[in-house]
Every structure is written in C-alpha cells, then in structure tokens.
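Note sheet for the following structure.
The values are calculated or read from the model by the stated rules, or taken from the named source; none is laboratory data. As the structure is a computational prediction, the values presented were derived from the model and not from experiment. Backbone-built Cβ (ideal geometry, glycine too); neighbour counts: all protein chains shown. These area figures cover heavy atoms from the full protein model, side chains too; ligands, DNA and RNA do not enter into them. Shrake-Rupley method; radii C 1.70, N 1.55, O 1.52, S 1.80 Å.
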Amino acid sequence: MLLSLLICYIYNITEMSVPVSKEVPWLLLVFSLPARRASQRVQIWRKLQRYGMLALRSSGYVLPNTAVNQERMEWLATTIRTYKGQASVVQVQGFDDLPSEQLKQLFVDARSRDYQKLLHEAKKVLALSPSRGPGGRLNRIRRRFLELQDIDFFGSPLRAKVENLLAQTDKADTQTAGRKARGKSGEYVNRLWMTRPRPGIDRVSSAWLIRRFIDPKARFIFAAEPRAHAEAIPFDMFCPQGFGHRGEDCTFETLQKEFSIRDGRVKRIAQIIHDADLGDEKFGRVEGQGLDKVLNGWAKQDLPDDELLQRGMDLIEGLYEALA
C-alpha cells in the first residue's frame, strides 16, 4: 500500500506535465505502523501535530519544504522505522487535485483554528481575578503561542489578534513589575556575580542574560562555596541566596521572570535552555542540544572558566541574533 502511494505521487510529479522548478515547494511523509503499536502511534500523532503537518484526505502528511521541516520529517521517519513501521519522505512539486494556493489556505485555516482556541482560552484567563492566580495559565498560553508561531508557515490573520492581546497583558504586567523592580534596580547594577566553575549551558546563558538585560557592567567570578565571596550575587549555585532553579524553572527562566524580561527572543531562548538543561522536553526544543555539545567540547579542551563563560555568552548572543 505504501509503495503504491509513493508510485502514484511520483507519477503525478514526473509524468503529468507538472512544470519542474529548481525549488520543490512541498514535503510529503507517508508511513504505516503495525496495528498493535497503539502507544507509539499516539506518540507519532503528537509529533505530527507539534510540527504542524497537514493530513491529506488521500494519505500522507504535508509540510512546506524548508531545511527545518525536512529535518523534522526525516527524524520522524527514522523513529517510525525503529517502531517496525515503514516511512518515506518525498519532495513534491505539486498535487494534481490540490493546487498550491488551496493547500496554503488549508495551512492557514489550521493555524487559525489553533489561534482561535488560544484567544478563547486567553480571554477566559484574563477575566479571572488576580487572586485566582492566572499568571501560570497565561505563561502556558504564551508558550503555546510561540509554538504556533513556529508552524504558522503562511501567516494566519488571527496571529496578530493573539499577539496584540498578549502584548496588552505584557504591558500591564511590565508596569506592575516595573514598580516593584524600580526599588531594587540599583541593587543589581555594577555588581559582582558568582557561579560554579566549569559553566554549562544554563550558567553561560544566565550570564549572557545578566549582562545583556540586567547589569551591563556585570563582572563574573567562580567559586564552589557561596560564602567565599559574600559581596557577590550567586546564580545557579546550591544555595537559597541569589538566583537559581525555582520549581520547574532553570536559572535562566528564574532571571527572566524575576526581572520581567518580555523580549520575545529571550522567551524562545528560555525554552531552548530549559529543555537542554533539564532534559524534560517540556517545550520540544532540540536546538539547545547542539549548543550544549559545543560547550562540553570546549570544557574538554581545559579552557579557563572565564574564557569558557565568554565563549558561551558569545554563542548565546549569536543565537539571539539568529532568532531576529
């Protein structure tokens, strides 16, 4: 069945007078899994949803042809094969029964439904009184919005509505947090910051965040014992003082929230650092794994701690610019 579907699609591409261009616009994933593997089928379905794949009525799943989407499809196909299934990823020029503009509109419609659901949920949460603690639910909505942005390939018109609603909320939160932060702003300027030796991904990214958004003239030192430098502000150390892991948050997330940093790129970096540091796949962000390997590679070269920290900060700065 899988082979016949592939032959059919390839025939449509090569034999039915479809014009060939240098850029093939679509990727098609066709697969089959043994019927007895229900739990694995659910896992695959969740990833299809996360990656924004569009299900065709005939068979298969479609995405716009980009390097990121191709990598996602190839990894998913590999996973399916490890589950004793069959999977193929095909570059497709077009579908004879589904013009490109109609296919694009189907993607827009799918994201519009997602955004509409998010709008409805956000309005319900915003209607709650502050005493009912809507902040956590709003953070989940913001995370979901970032996920949808990542798979909104053709720009749903509802995206701006959600963005504006969250921006209004962020503005109100910033004003409230600003009043709190003004009292302590001088407390964290021109300070000495301390963390553990051999900094990893959470510590180098936290140092970047401190110098980029909190204390531009921050100086960093390393110590295993927080009491070694009583004048320093500890971060990502095993002590109750300063800033570290709180609840489910890594240190980077703690600093972001404590200082009310609303920058959209910082929010995305926070997700990347969280998944790389805690390894719980909370946000489904795999980019941090590569950053972590680079940092580990430098650490194995016996670089001094200050050089390792600076290289890591430069790495995060490059990530920040790449997300623009």
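What the table below lists for this structure:
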{"read-out": "Residue match in the range 224-235 (condition: within 22 Å of the chain's Cα centre (by Cα), under 19 Å from His274 (Cβ atoms) and modelled with pLDDT of 85 or more)", "value": "no"}
{"read-out": "Residue list for the range 151-185, restricted to those being open to solvent by less than 60 Å² (accessible area, probe 1.4 Å), in a helix (DSSP H, G or I) and at pLDDT 85 or above", "value": "Ile151, Leu158, Ala160, Val162, Leu165"}
{"read-out": "Residue in the range 278-287 that is assigned to a helix (DSSP H, G or I), of a type in the set (Gly, Ala, Ser) and open to solvent by less than 40 Å² (accessible area, probe 1.4 Å) present", "value": "no"}
{"read-out": "Pairs with Cβ under 8 Å, 6+ apart, first in the range 291-304 and more than 23 Å from Ile272 (Cα to Cα), second open to solvent by 40 Å² or more (accessible area, probe 1.4 Å) and in a helix (DSSP H, G or I)", "value": "Leu303/Arg311"}
{"read-out": "Residue within the range 199-206 that is open to solvent by less than 60 Å² (accessible area, probe 1.4 Å) and not in a helix (DSSP H, G or I) present", "value": "yes"}
{"read-out": "Candidates Asp275, Asp249, filtered to the one that is open to solvent by less than 30 Å² (accessible area, probe 1.4 Å), in contact (Cβ under 8 Å) with a residue 12 or more places away in the chain and under 15 Å from Arg140 (Cα atoms)", "value": "Asp249"}
{"read-out": "Selected residue [closer than 18 Å to Asn190 by Cα and either in contact with a Pro (Cβ under 7 Å, 6 or more places away or on another chain) or open to solvent by 20 Å² or more (accessible area, probe 1.4 Å) (or both)] from Ile221, Ile233", "value": "Ile221"}
